[in-house]
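Remarks on the structure that follows.
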Amino acid sequence: MVRLTTKMSMLLLTMTMLLTACYYDNEEYLYSSTPCDNTFTFTSRIAPLVAQQCASGCHEGANPSAGLSLTTYDEIKAIVDNGGFAGSLDGSNGYSIMPKGTSGLSTCDKDAVNAWITAGAPNN
């Protein structure tokens, strides 16, 4: 009986190892060859990103979320200047990561926004 239990334990252990060792990664997904768009002009990259990820449904209209409208360059620049925009990208300085209910923007989008902010957040 002990011998049968040992054999069953070994068989179960071997099967577990074999099943968990079979792991398949999709190389295209992990190492996408699609490069990030490194442009960071306000008009072509930042404004459409803010419109889609921030303004649409939240930070626009008569009653924007948190009383913060992000539909014009001046509105966006004001939040950039007080540090709130960068803080919302990574959750730093007590800010919540935005968009709300997500893990934040993609790395490519964060890099573009940070590059734009570092360049002085020009209206270009």
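Each reported figure results from applying straightforward, stated rules to the coordinates on display, with no laboratory input. Only a predicted model underlies this, so the values are computations on that prediction, with no experimental measurement involved.
Determine the shape class of region 30-124: with a ≥ b ≥ c the square roots of the Cα gyration tensor eigenvalues, call it rounded for a/c under 1.5, and otherwise prolate if a/b is greater than b/c, oblate otherwise.
Taking the square roots of the gyration eigenvalues as a ≥ b ≥ c, region 30-124 is prolate.
If I take the Cα coordinates of region 76-124 and project them onto the principal axes, what are the three extents in Å, biggest first?
30, 22, 14
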